[in-house]
Every structure is written in structure tokens, then in C-alpha cells.
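Trainee: Can you keep this structure in mind? I'll have questions shortly.
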Amino acid sequence: MIKETLSRVMFLPGNQSESGHGKSTRKNKVPKITVFALSALGLLTGYQTLAMSLVETAEVKLWQNGANHSLHCKVQTSHLIQLSSLSRAKLNWVLPAGSRVEQGQLIARQDGYFLEREIEQLEIDLASASAEFAYADKEFRRLDALEKQLVSPSTLNELQRRLELARLSKAGLANQLKEANYRYRQLEHFAPQNGQLLALQAQPGQYLNVGDNITRLQPAANKELVCELPLSRFRENQSLEQVAFSLSPGHELTLLRTSDSVDSTSQTLTLYLKGEDEIQEHLLPGERLQVNVSYRHADLSLLPLDALELTREGTFAWYLEPNNKVKKTPVKVVASQKDYFVVKSVLQNGDRVVTLGKQGLAEAQQVQVNTNGSRESE
């Protein structure tokens, strides 16, 4: 209608004759026609502006902190040190359970009377075997030096056999004596490292056999955080290479190892983490903690809540192209923050997305940006 009106106005005659008092006069009507034409042009321009969607936008920011969530973890030591008896001997003394010990400190002592007697007897037997070996060696050398017709081959063979047996007997007794001395030194049990003694497994006065347990030492070092990672979280990334673990800002943890199987009941993987030395000192075995997990990916973006649109086809945002045309861009929500979503998409840092005015938008539609309403993600 506006275009038709403008067309009719533009073809009106520019001059018009009027009669008055017998004289012919000419009035110029151009100014009125021009004003009317400009008004019609203004209406047309306003109509086209109203037909273009007015939107507000926000700037996409790279989410440097990653997608965060927490894990429930328990502190434990990687292993316990078992102290056991290496000899058949009575336990004379042992530190009580709960005692804190330092490396090299005496923990338990066993009675050495019978082992001392065993060592003395082995020394006597070894001396006898040594004398026998010396005699056999001397006799063999003496007869072997005689003329061959004076000594039969069988006699020499017998002497050689006795010499070899004497040598083996001496060597066997020497090994037994070495072992007995080693076990004697192990009657006193010293702490291999700093730690704390757990419940006693033997009491003073108890006669112990070889291999009987005395007590266990829980090392002060080698503490680990054992955490359960839900399988669903693991599936989102299929890798833990870009994951950062921390107890608090500035207190990073290191991933030591991961279980290769999933718990059938809880459907979780077990992660083993370790902190720096200053963290290790304050951890108590058995303590339960929450560990912060951050997935660092370059394709994670921070978008306002009103930048997302949910449909049956999925979740997407309207990306504003440089020519002010909009493009429907799929996104995947990874985590939520206050007033924002952390999403995984092709959106880059600095891109702009529509926040208000999304209703009724179509692919490649030209829009007008309300610069006063546009904002940037914090």
C-alpha cells in the first residue's frame, strides 16, 4: 500500500492553473508533493526496519577453568610395612600400637639365646669341616705326586671324592653360618622409615616361628588419595590427560594410576592421586576429602543462560555472523555455573551469540543488533 501511494504521488502534475478575478495565476505545488513523498519514504523505511528482528548479543569467552565437578576421596598409604619374625625365637619386647617412630628407631626385640647356641655349633662344625678338607687335600696331593705304578687309580679316585665332599661340606656349613648370623641380626626390628605402628599381631613373651607377624608400620610418606570417578563422567571425555585435580586453588594433585576395571555396583573407576610434600604432611590416613576436577579443553566456552535454546533436536545457540546474519550452532552443555553454562561447541573466543530476540529466528536471517542491550560474558 505504501509503495502504491508513493507511486501515485510521484506522478501528480507539478503545476496547476487557477482563475480568479479574470486573471490567470500559476502556483507552485512542488513543496507539498516533496513533503508527502518524503513522508511516504519514511514510512517505507520504518516498515522495513520493523520487519528486521531486533536482538541483543553477548560475547563468547573461552572457559579457562574447564568443566568442574568434585570427587569423593579417601586418604590411604600406598602400602603398609609388615614386620615379621625371621627366626624361631621368643618376642621379648615391642612398642605398643599407635606409637610414632622415626627411621632407624628400635620397634621390637626377640630373644637370641637359642640362635646364639646354633651359631656356636655351626662355627664348630665349620672348623671341623675345614680340617677335614685340609687333610683330604693334603693326602690327595701327596699320593698324586707318587709314581703311577705305586698308587692305583681307584685309590686316587677315592681320595679325590673325599676331597670334593669335604669341600662341599665346608661350603654348606659356611652358608648356614652366614644365614644364622643374618637371622641373629634381625632379632632386633628397626623402623625402615618414619611412620606409626598399627595393631600388634604378637605379644611380648610369645614364642614365634619363622614368618610369624609382629606388627605393621604405616609410613608417614607415600600417602595417596583414592577417588571414585563415575563412569558417566569418564565417558564424556574418554581420557584423563587434560584433567586437573586439586584440593583447593594452588594445591594441585598428580594422577598416579587408574584402575582398568569398573566397580560393578557403583559403576565407578578408581583413581589414585598424590599431592606435594606440604600437602602430604597434613593428610591423615582414613580421612575423607573432596577433590576438585577440572577438564581443560580448548572447545569449552562460557555462555549466558539466555543464550541457549532447547528444542527436541537438541541444544543450540544463535551465532551472529559478521554480516549480522544468524547461524544455528549446536552446543553441548558440560557444566553449569552461576548465571552461565559451560558448553562444548565450535564457538570461538570473541564470537557473539544472540541472548534476547531468539524467538522466531531462522537460519541466515538478517537481524539488527541493539548495541545498547548487548553485553559481554563476565
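Trainee: Among rounded, prolate and oblate, which fits segment 187-340 when a ≥ b ≥ c are the square roots of the eigenvalues of its C-alpha gyration tensor, a/c under 1.5 means rounded, and a/b larger than b/c means prolate?
Mentor: Since a/c reaches 1.5 and a/b is larger than b/c, the shape of segment 187-340 is classed as prolate.
Trainee: Which length gain, in nm to one decimal place, applies between ALA131 and SER99 when the Cα-Cα distance is subtracted from 0.36 nm times their residue separation?
Mentor: 6.4 nm
Trainee: With θ set to phi - 60°, apply the Karplus curve 6.51 cos²θ - 1.76 cosθ + 1.60 along segment 329-345 and write out the HN-Hα couplings as whole Hz, x wherever there is a Gly or Pro.
Mentor: 10, x, 9, 10, 6, 9, 7, 10, 10, 5, 6, 9, 10, 9, 10, 10, 6
Trainee: Size of the dipole of segment 141-187 about the Cα centre, Lys and Arg at +1 and Asp and Glu at -1 on the beta carbon, nothing else charged, in debye to 20?
Mentor: That gives a dipole near 260 debye.
Trainee: What is the gain in length, in nm to one decimal, between HIS72 and ASN370 on full extension, counting 0.36 nm per residue of separation less the C-alpha to C-alpha distance?
Mentor: Length difference between fully extended and current span is 102.7 nm.
Trainee: Then there's this: Averaged per residue, what accessible area in Å² does segment 47-200 show with a 1.4 Å probe, protein chains only? Could the numbers behind the result be given before it?
Mentor: Values: 9530 Å² over 154 residues.
Heavy-atom accessible area per residue stands at 62 Å².
Trainee: By per-residue mean of other Cβ atoms within 10 Å, what is the highest-first order of 280-290, 344-354?
Mentor: 344-354, 280-290
Trainee: Now for a separate question. Residues with beta-carbon under 13 Å from that of ALA174, excluding ALA174: net charge, scoring Lys, Arg +1 and Asp, Glu -1?
Mentor: Net local charge, ALA174 excluded: 0.
Trainee: Going down the list LYS74/LYS344; LYS138/LYS178; LYS223/LYS338; LYS61/LYS325; LYS90/LYS223, which pairs span over 29 Å between their C-alpha atoms? Intermediate values should be presented prior to the final figure.
Mentor: On the way: LYS74/LYS344 31 Å; LYS138/LYS178 27 Å; LYS223/LYS338 35 Å; LYS61/LYS325 20 Å; LYS90/LYS223 34 Å.
As for pairs spanning more than 29 Å Cα to Cα, those are LYS74/LYS344; LYS223/LYS338; LYS90/LYS223.
Trainee: To continue, here is another question. How would you order 259-269, 304-314 from highest to lowest mean count of nearby Cβ atoms within 10 Å?
Mentor: Result, highest mean first: 304-314, 259-269.
Trainee: Scan around ASN324 for amide H atoms under 5 Å from its own, H built in the peptide plane at 1.01 Å from N, and keep only partners 5 or more places away or cross-chain.
Mentor: Residues meeting the criterion, in which the H sits 1.01 Å from N, do not exist here.
Trainee: Would you pull out the residues with amide H under 5 Å of SER87's amide H, same chain only if 5 or more places away, H placed 1.01 Å from N?
Mentor: Correct list: GLY211.
Trainee: Still on this structure, I have one more. If a/c stays under 1.5 just call it rounded; otherwise compare a/b with b/c (prolate if a/b is bigger, oblate if not). Do that for segment 131-179, with a ≥ b ≥ c from the square roots of the Cα gyration tensor eigenvalues.
Mentor: Note, shape of segment 131-179 comes out prolate.
Trainee: With a ≥ b ≥ c taken as the square roots of the eigenvalues of the C-alpha gyration tensor of segment 196-261, please select rounded if a/c is under 1.5 and otherwise prolate if a/b is larger than b/c or oblate if it is not? Show your work: numbers first, answer last.
Mentor: Details: a/c = 4.61, a/b = 2.55, b/c = 1.81.
In terms of gyration-tensor shape, prolate.
Trainee: Right, here's the next one. Percent of accessible area on segment 200-312 owned by carbon and sulfur, 1.4 Å probe?
Mentor: 46
Trainee: Which loop GluC sites (Glu not before Pro) in segment 179-266, with loop taken from DSSP, have no more than 11 other Cβ atoms within 10 angstrom of their Cβ?
Mentor: Here the GluC sites (Glu not before Pro) that fit, given the DSSP loop and packing criteria, are GLU241.
Trainee: Report relative contact order for segment 183-325 in percent, whole number only (criteria: Cα-Cα under 8 Å, sequence separation at least 6). Write out the running numbers ahead of the final one.
Mentor: Numbers: 154 pairs, mean separation 28.1, N = 143.
Worked out over segment 183-325, it gives 20 percent.
Trainee: May I ask you to compute the full-extension gain from LEU255 to VAL346, defined as 0.36 nm times their residue separation minus their alpha-carbon distance, rounded to one decimal in nm?
Mentor: Result for the pair: 29.8 nm of gain on full extension.
Trainee: What is the list of residues in segment 201-240 whose amide nitrogen lies under 13 Å from a point 7 angstrom out from the Cα of GLN280, following Cα to Cβ?
Mentor: Only 219-225 fall inside the zone, counting backbone N under 13 Å.
Trainee: On to the next question. Could you let me know the centre-to-centre spacing of segment 173-229 and segment 125-141, using Cα atoms, in angstrom?
Mentor: 41
The values are calculated or read from the model by the stated rules, or taken from the named source; none is laboratory data. Since the model is a prediction, treat every value here as computed from it, not as a measurement. Note that each Cβ is placed from the backbone with ideal geometry, even for glycine, and that neighbours are counted across all protein chains shown. These area figures cover heavy atoms from the full protein model, side chains too; ligands, DNA and RNA do not enter into them. Shrake-Rupley method; radii C 1.70, N 1.55, O 1.52, S 1.80 Å.
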